[in-house]
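Laboratory data are not the source of any read-out in this text; all were calculated from the coordinates shown. Note that the structure is a prediction, hence the values are computed from the model and not measured. When we count neighbours, we look across all protein chains shown, and the Cβ atoms used for this are built from the backbone with ideal geometry, even at glycine.
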Amino acid sequence: MKTPGIKRLAGLLAALTFTAWPCIPALAETGRLIIKATGFKSDKGQVLFVVVDSPEAYDDLGANDSAANSIARSLVKIFSGKAQGCFVLPVGWYAVSVVHDQNSNSVLDANFLGIPKEPYGFSNNPKGLGKPSFKAVKFKLDKGQKNIEVIVE
């Protein structure tokens, strides 16, 4: 014979099971992305790491953009001209933007023409003027660990 306390406990456990189910992460394969940022002229401010997973999200990155469409972002302090970001992400294609946020306002500041006033860099360290294409900065993250270096200029 069940007692009222056991019935209540069973109901509570059932409710918790169905409530917690959406919080259980998907069983997707993941990889660890380690981003080493170098080239900082000073340790002033912070580093903004932004990871995107599509050309559309990459196109949204820009001056005064809060990276709302990013898949991951992080703010990190600079030590001895270097900073490091670490992300655990599903296996797939990504691009990384790194900004030396010198005034710690969490955005890439630009002048009235839209030209960045703070140093920045992208995955694969493409050369040239202007923002490189997603194709130029994308890379594949596989299961395991991927280390990349981004030079901030």
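If I take every Cα pair under 8 Å that is 6 or more residues apart in the stretch 28-151, average their sequence separation and divide by the length, what percent do I get for the relative contact order?
37 percent.
Just list whichever of 36/135; 36/143; 82/135; 77/146 have alpha carbons separated by over 24 Å in the model shown.
Pairs exceeding the cut-off: 82/135.
Using a 7 Å offset from the Cα along the Cα-to-Cβ direction at both residue 147 and residue 91, what is the distance between the two label points in nm, to one decimal?
2.2 nm
How large is the charge dipole for the stretch 28-151, taken about the Cα centre, if only the Cβ atoms of Lys, Arg (+1) and Asp, Glu (-1) carry charge, to the nearest 20 debye?
That gives the stretch 28-151 a dipole magnitude of about 440 debye.
Take residue 104, project a point 7 Å from its Cα along the Cβ direction, then tell me which residues of the stretch 40-60 have their backbone nitrogen under 13 Å from it.
43-47
In the stretch 82-153, what chymotrypsin sites (Phe, Trp or Tyr not before Pro) fall in a loop by DSSP, with at most 16 other Cβ atoms inside 10 Å?
Of the chymotrypsin sites (Phe, Trp or Tyr not before Pro), the ones in loops of the stretch 82-153 whose Cβ has at most 16 other Cβ atoms within 10 Å are 112.
Under 18 Å from the 7 Å Cα→Cβ point of residue 84, by amide nitrogen: which residues of the stretch 128-153?
Flagged as within label range: 144-152.
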